[in-house]
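Following: one structure in C-alpha cells, then a few remarks.
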Amino acid sequence: MTGPHALKPLLLAFPGPLRDTLVAAVLSGEKTATTGLLVEYEVENEELPEVGERSALIDSDGREVAVVEVTEVRVLPLGEADLRLALDEGEGYRSVAEWREAHERFWHSAEMREGLGDPSFTVADGTMLVVERFRVVETVQDS
C-alpha cells in the first residue's frame, strides 16, 4: 500500500481514545459512515471524496489498519441528519439528538476550532455536512 499509488489517509477524529474507538468500530463493521463539515474541505482546499475512492484507515499510532472504499457521498445540512446516519456511525447512538450532541461537542472543541482557524466556530441546522458511507475492502495484518 505504499509507493506511487499510496492511498490518502482516512483520519477519524484526532489521535487518542476517540480515534481508537472509531477505528475499532470500522473494523468490526459497526461503523459504515462518517460525517465531516463541508467547511473543513474548504479550509484545507481539499476535494470531496468520490464513490469508489479508496483510502487507508489510520489508527492513533499512525499505522494503516485497513483499506476502505467510499460507497456514497452526500452533502446535506445538519438539520437533515437522520436516524439511519446516527445508527450507521456505529458509535451506539440511539437517536439523532444523541448523535448531534456528540458531534457538536467534537465540532466545537478547541482542536477543531483551531483547525478551522475560527475560535468561536459553531454549527447550526444550516451548517453543511459531508456524509461518507464506506466499506472495508482489506484489513492490514501485523507482520
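The values are calculated or read from the model by the stated rules, or taken from the named source; none is laboratory data. Quick caveat: nothing in here was measured; it's all calculated off a predicted structure. Quick reminder, even Gly has a Cβ in these numbers, built from the backbone with ideal geometry, and neighbours come from all protein chains shown. Ligands, DNA and RNA are excluded from the accessible area calculation, which covers all protein heavy atoms including side chains. Shrake-Rupley method; radii C 1.70, N 1.55, O 1.52, S 1.80 Å.
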On average, how much accessible surface per residue is there in the chain, in Å², for a 1.4 Å probe, leaving out ligands, DNA and RNA? 56 Å²
Sequence-distant residues sharing a close amide H with Leu37 (under 5 Å, placed H): Val130
If every Lys and Arg gets +1 and every Asp and Glu gets -1 at its Cβ, then about the Cα centre segment 1-136 yields a dipole, in debye to the nearest 20, of 320 debye
Run the numbers for Ser60 and Ser28: contour at 0.36 nm per residue of separation, minus the present Cα-Cα distance, in nm. 9.8 nm
Accessible surface of Leu38 - all protein chains present, 1.4 Å probe, nearest 10 Å²: 40 Å²
Once Rh is set to the Kirkwood radius over Cα pairs, what Stokes-Einstein translational diffusion coefficient, in µm²/s, holds for the chain at a temperature of 4 °C and a viscosity of 1.567 mPa s? 82 µm²/s
Note, ³J(HN,Hα) from phi for segment 56-65, Karplus 6.51, -1.76, 1.60, rounded to Hz, x at Gly and Pro: 9, 6, 10, 8, 5, 8, x, 8, 7, 10
For the chain, longest principal axis from Cα atoms; helix 96-107 axis from its Cα atoms; angle between them, nearest 10 degrees, is 80 degrees
Rounded to the nearest 10 degrees, the helix 17-28 long axis (Cα) sits at an angle to the longest Cα principal axis of the chain of 60 degrees
Go through 67-74, 14-21 and give me the packing order, highest mean Cβ count within 10 Å leading. 67-74, 14-21
Residue span Glu111 to Glu53: 0.36 nm per residue of separation minus Cα-Cα distance leaves a gain in nm of 18.1 nm
What Kirkwood Rh does segment 73-143 have if only Cα atoms enter the pairwise 1/r average? Answer in Å. 13.9 Å
Simple SL model, points at 7 angstrom along Cα→Cβ for Asn45 and Val140; separation in nm is 2.7 nm
Residues of segment 13-35 with the amide nitrogen closer than 16 Å to a label point 7 Å from the Cα of Ala102, along Cα-to-Cβ, please. 13-14, 16-35
For Lys31, which sequence-distant residues (separation of 5 or more, or a different chain) have an amide H within less than 5 Å of its own amide H, given hydrogens modelled in the peptide plane? Val26
Taking all protein chains together and a probe of 1.4 Å, list Arg54, Arg94, Arg113, Arg133 from the most accessible to the least accessible. Arg94, Arg54, Arg113, Arg133
Per the Kirkwood treatment, what hydrodynamic radius in Å, one decimal, follows for segment 4-59 from the mean inverse distance over all distinct Cα pairs? 12.6 Å
